[in-house]
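To keep things clear, I will list the structure first and then write my remarks on it.
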Amino acid sequence: MSRFLLLPTSAQQVVLSEHCRHARFVWNLAVEQQQFWQPGRHAPGYNKQSAQLTEARAEYAWLAAGSQTVQQQALRDFARAMEGFFVGTHGRPSWRKARVHEGFGVVGVRPSQVQRLNRRCGQLWVPKVGWVRFRWTQAVPNGVKSYRVTQDRAGRWHVGFPRIPDPIPGPRDGSVVGVDRGVTVSAALSTGELLHAPGLTSGEQARLCRLQQRLTRAKRGSNRRQRTKLSIAKLKAREVCRRRDWVEKTTTDLARRFDTIRVEKLDVRAMTRSARGTVDKPGTRVAQKRALNREISRQGWGQLVIRLSNKAGGRLERVPAAYTSQRCSACGYVAPENRKSQAVFRCVACKAGPRNADVNAARNIAAGRAVPAQGDFAVGRSVNCEPQLSSPAS
C-alpha cells in the first residue's frame, strides 16, 4: 500500500473524525450481531445489514449526516473479514476502539478524484469533505479505485492506496544469504554484516522518559494529561517512521543483491504474546517478558519478512530455527556451550572462532542446515557436512 501524508484544514479534520466515528460505530454493531449468533441461526449478511443501516440512518439524524458511502464500506470490510475468518486465514473480527482504530475506506474512486497540483502536493476528493491536499512523496499507483484514510495516535492523517508491489529482480548469480533476526542486532547477514534498526536518539529517549514520568503524575481527564499523551505519541510515531523506512531500504537492498534469501521460521505473534496468565494461574517474570516483547517489536521482525516476501517473490525461504544459534557453521557440532555469550561464539569441538554468534547463526540459516528439534542428530554430536556458503561475500 502506498501511503501519503494528508494535509487537511481544521474544518476538514472535524468531518474526517466524524467519518471515522461512523465507520467504527457501524463495524462494532456488526461485531455485536455476530456475538449473539448461535448454531442453527443465520447471522445477517451484508445485504441485510445494509438494509438495517438505511433504517438506522432514517431514525438517527447524526448518522444520516455522515457519508453513506463510508458507512456501507465499513459493512463490506466486515463481511470480507468474516470470510477470512471462516476460511481460516484471519482471526475473528473484534471491536474497534476510539483513538486506536481511526480510519475509513472509500471504494469506487474515479481517476479524476486524485489529482496532482505540483511537484510536492496533490489533492484527493473525500465524500462530505471535498478536496483534501496530501504530500506527493511517491508515484500514485495507476488505476486507483479505492483508498483508506487513517489517523495515527500522533494526530497525523494518512491516505493509503492499495496496490500489488512489483517484485524486484535478483542478480541471477545463484547467491544465497541468511538473515538472523535478533534483539541486540536487528538483522545479521551471513556475509558478516550487522544491521541495526534505527530508533530514538539519546536525547529523544530522555525526553520520552520525562514525558512518561509526567504522565503518571497528571490527573486523569485533564488537559495536561492529553497534551502529554500527544507528545509521547509523536515521539513513538517518529520511531515507527524510521523503522519503516529502514525496513523498506533493507529489504530492497537484499532483494537486489541476492537470488535466494533465507530467514528463520518464527511465529513472531506467539513470541510477543503476554505472559500475564490468568487470575487462577498468573504468569511469572511478566515484566521481563514485557520488555522482551517491546524489543522484538522495535526491531521490526515481522515487517522485515513481510516486505521480503513481497519484493523477493518466490526467492524467500524459511528455515527451521531450532539450534541455529548453538551449531557451529564450520564443523556442524551442536552444543549449548558453543555460544559463550550473546555476541561471542566459539566451537568447543573444532575450536573455530571466536566469531560473532549472530553471524554464525545466519550462516547456518544460509546453508539451510538447521537441526530440527526432533531429528536424526542429537544435541552435542557433530554433523558430518562441509561448511560451504553460497554467498559470494562470505
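Each value in this text was obtained by applying a stated rule to the coordinates, not by laboratory testing. Since this is a predicted model, take the numbers as computed values, not measurements. Because the Cβ atoms are built from the backbone with ideal geometry, glycine has one as well, and the counts that use them run over all protein chains shown.
The table that follows gives values for the structure above.
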quantity: Centroid-to-centroid separation of segment 194-270 and segment 1-51 [C-alpha atoms, Å]; calculated: 28
quantity: Difference of contour (0.36 nm per residue) and Cα-Cα distance, Ala58 to Lys281; calculated: 75.3 nm
quantity: Segment 294-328 and segment 94-122: distance between their alpha carbon centers, rounded to Å; calculated: 31
quantity: Over segment 99-254, relative contact order from alpha-carbon pairs under 8 Å, at least 6 apart, %; calculated: 16
quantity: Length released on extending from Arg244 to Asn47, taking residue separation times 0.36 nm less the Cα-Cα span; calculated: 67.1 nm
quantity: Sites Arg92 and Leu117, calculated FRET efficiency, Cβ-Cβ separation with R0 30 Å, nearest 0.05; calculated: 0.10
quantity: Estimated inter-spin distance, Arg99 and Glu193, nm [label 7 Å along Cα→Cβ]; calculated: 4.1
quantity: Unit charges on C-beta of K, R, D, E only; dipole of the chain, Debye; calculated: 1680
quantity: Backbone N under 19 Å from the Gln68 label point (7 Å along Cα→Cβ), restricted to segment 95-122; calculated: 105-110
